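Written below as C-alpha cells is the structure these notes are about.
The values are calculated or read from the model by the stated rules, or taken from the named source; none is laboratory data. This is a predicted model, so every value here is computed, not measured. So basically every Cβ, Gly included, is an ideal-geometry build from the backbone, and we count neighbours across all protein chains shown. The accessibility values were calculated without ligands, DNA or RNA, using every heavy atom of the protein model including side chains. Shrake-Rupley method; radii C 1.70, N 1.55, O 1.52, S 1.80 Å.
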Amino acid sequence: MLEIDVISLFPDLFGSFIETAFVATACEKDLARVRVHDLRDWTQDRHRTVDDSPYGGGPGMVLKTEPLIPAIEALAGAKGPERRARVIYLSPQGAVLEKPKLAQLIAVEHLALVCGRYEGVDQRVLDLAVDEEISIGDYVLSGGEVPAMVLIEGLVRLLPGVLGNPSSALRESFGGDLLEGPQYTRPPIYRGREVPDVLRSGDHAVIEKWRRERALEWTLERRPDLLDRVRHQERKKT
Ligand SMILES: C[S@@+](CC[C@H](N)C(=O)[O-])C[C@H]1O[C@@H](n2cnc3c(N)ncnc32)[C@H](O)[C@@H]1O
C-alpha cells in the first residue's frame, strides 16, 4: 500500500480531491492511504502561529522551523535511521516532476508531502527535515497544495489495479515513447468533420497501425524532444 501524509495550512483544499475518481478508488481498494494534516495542529501558542517575517527584511512571511519540523518528525520520524517516510517539499526550486520520478517514488511505500505557503519555508526545515524537493514546473503558485495533488494523482494512476483498463496507461502520452494520437467518439460526423473511416472499420490490426502512425506524427510535430530521448537511450544501449 502507498501511504501518503500531507502537511498543509489548508487541508480543506484536499477534501473532494481525495473523495473523487482514481484517488478515491485507490483508497477504497486499500491500494493507497492519503491523510492530510493541518500544520496548525502542531503549534503551541494561543494564536497557532506558523509564520514570521524574514530575517534581513523583504516582503511576505516565512514558515517557521516550529511547528513545521515537529510536524514532519511526528509523521515521518527524524532524518536518519529512524525515518519512516520519504519527506518531499513541493517547491518551485525542486527538480521538475517527470514520469521516471513517479516510477521511482511509487516504490517508496510511505511519503510525507510538505506544502509551503507565503514566501516558503525557513532553510533549516529543508536542511534538517526534508529529503527531496519537487517542482511541478517553472512557474510559482501560491502554495504547495495543488503541486501535492499533482504528485498524488500521478502516483495513484500508476498503482496496479487503479485504472479500469491497465492497457490505457501504456497507450497514453508518456506511457511508452510517444504522445497519444487523436481520439474520437460518437457521432460519426459533427459540423462536417468526419471520424476517420479506419476507426470504424473493425479491423484491429489496421486500427493499431493507424494509431501508431498518428502518434508518431503528433510526437514529431509537438514534442520532437521525446524522440530524441528515445534515440539517445537506444544509442546508450548499443
Ligand atoms: C509563493 S511560493 C514561494 C516561492 C519562493 N519564495 C521562491 O521564490 O522560490 C509558496 C509555496 O508554493 C509552493 N509552490 C509554488 N510554486 C511551486 C511549483 N512550481 N512547484 C511546487 N511547489 C510550488 C511551494 O510549496 C512554496 O513554498
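Things worth noting here:
- Of all accessible heavy-atom area on the chain, the percent that carbon and sulfur account for (1.4 Å): 52
- Using alpha-carbon coordinates, inclination of helix 224-237 to the longest axis of the chain, degrees: 90
- Degrees, to the nearest 10: 204-222 long Cα axis against longest axis of the chain: 50
- Cross-link partners for Lys101 among the lysines, with Cα-Cα distance under 23 Å and sequence neighbours closer than 8 places in the same chain left out: Lys79, Lys236, Lys237.
- Residue-level accessible surface for Leu90, protein heavy atoms, 1.4 Å, Å²: 10
- The slack in the chain from Glu133 to Val198, taken as 0.36 nm per residue of separation less the alpha-carbon distance, amounts to 18.8 nm.
- Sorted peptide list for 91-98, 142-149, criterion being average Cβ within 10 angstrom, highest first: 142-149, 91-98
- Under the convention that each Lys and Arg Cβ holds +1 and each Asp and Glu Cβ holds -1, the size of the dipole of the range 93-238 around its Cα centre is about 720 debye.
- For the range 1-134, the calculated P(r), taken from all Cα-Cα distances in 10 Å bins from zero up to the bin holding the longest distance, is 12, 40, 35, 12, 1 percent.
- Taking trypsin sites (Lys or Arg not before Pro) across the range 188-238, the ones in a DSSP loop with at most 14 further Cβ atoms lying within 10 angstrom of their Cβ are Arg191.
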